[in-house]
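What follows draws every value from the coordinates through simple rules; no lab data is involved. Quantities reported herein were computed from a predicted structural model and do not represent experimental measurements. Cβ sites come from the backbone with ideal geometry, for glycine too, and all protein chains shown count toward neighbours.
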Amino acid sequence: MLDSNLRFALLHQPARLRELLDAAPPEKLRLPIILDEVQKVPDLLDEVHFLD
């Protein structure tokens, strides 16, 4: 969440996280995904729970 453009986009449309992950190549999704500074966009936690 240190990228202000990404933070702004996710702050206003948290579901964009799912779109980004859906568009990612499968080999990238084998690695852990770390959401640093997630407290800056707390609604992302709902998206993470939805993905689980």
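For residue 52 and residue 19, a Förster radius of 22 Å and the Cβ-Cβ distance give a FRET efficiency of 0.80, rounded to the nearest 0.05. Counting beta carbons within 10 Å around each of 47, 27 and listing the fewest first gives the order 27, 47. Among 32, 42, 14, the largest mean-square fluctuation in a Gaussian network model of the chain, built with springs joining Cα atoms closer than 10 Å, belongs to 32.
Let me know the whole percent of all Cα-Cα pairs from the chain that are separated by more than 17 Å.
32 percent
Projecting each Cα onto the charge dipole of segment 4-51 (Lys/Arg +1, Asp/Glu -1 at the beta carbon, about the Cα centre), which of 12, 26, 51 comes out farthest on the positive side? Result: 26. Within segment 19-52, the trypsin sites (Lys or Arg not before Pro) that combine a DSSP coil assignment with at most 11 other C-beta atoms in a 10 angstrom radius are 30. Taken about its Cα centre, segment 4-51 carries a charge dipole of roughly 100 debye when the Cβ of each Lys and Arg holds +1 and the Cβ of each Asp and Glu holds -1.
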